[in-house]
Amino acid sequence: MDLSTYIDSLRRELVVAAAAGGDDASALAERLTAPLESATRLALLNALSAAADEITTELAPGSVSVRLRGVDPEFVVTAPPSEHSYEDAEPSIPAPSASSDADEGSTSRINLRLPESIKTRVEDAASKEGLSVNAWLVRSVVATLDSGGPRAGRRVPRDGAGFTGWVR
């Protein structure tokens with residue numbers, strides 16, 4: 001995206017506004033436009049980044065980001081994964097069974113707070129499988145729920161039936 005047209009337009013508007021103040025104001029406006037170019041460019045980049053963040057919030061799990069190439073920004077749009085993208089890759093986590101509720105057609109958003117070390121491990125695992133973090137997490141949750149939950153293989157003692165004490 002070429003910001004020069006917007007910056008030139010702002011420069012012209014400043015000169016026109018300064019012309020109403022006389023020759024001294026016009027000369028001052030001319031001298032100020034060059035140093036203001038970098039500040040104007042930075043303000044526009046900040047506005048574009050904020051807009052990209054708002055769009056990403058509405059587009060999640062897809063995203064829009066702004067990258068700087070030279071002096072001009074470039075938008076990068078990452079489409080959300082298709083509903084069945086997790087079935088395309090060879091899974092190390094089993095794909096959800098056909099009877100699961102994972103494919104109801106609509107999606108919901110939740111915020112998940114993870115310790116940084118776990119987040120890094122999740123990102124690595126998703127990357128190794130060629131999946132987005134979201135798709136990997138959905139598969140993991142469905143696989144866990146389909147297997148009876150994280151404690152499915154453990155016996156939990158009830159009513160004092162467990163053992164406590166020390167072993168030598």
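At-a-glance table
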read-out	value
Rounded accessible area of Arg41 (nearest 10 Å², 1.4 Å probe)	30 Å²
Table column - 3J(HN,Hα) (Hz), region 23-28, Karplus curve with 6.51, -1.76, 1.60, x for Gly and Pro	5, 5, 5, 5, 5, 5
Cα gyration tensor shape for region 1-74, rounded if a/c is under 1.5, else prolate or oblate	prolate
Karplus-derived HN-Hα couplings along region 125-130 (A = 6.51, B = -1.76, C = 1.60, θ = phi - 60°), whole Hz, x at Gly and Pro	5, 5, 4, 4, 9, x
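The values are calculated or read from the model by the stated rules, or taken from the named source; none is laboratory data. These figures come from a predicted structure and were not determined experimentally. Accessible surface areas use protein heavy atoms only, side chains included; no ligands, DNA or RNA. Shrake-Rupley method; radii C 1.70, N 1.55, O 1.52, S 1.80 Å.
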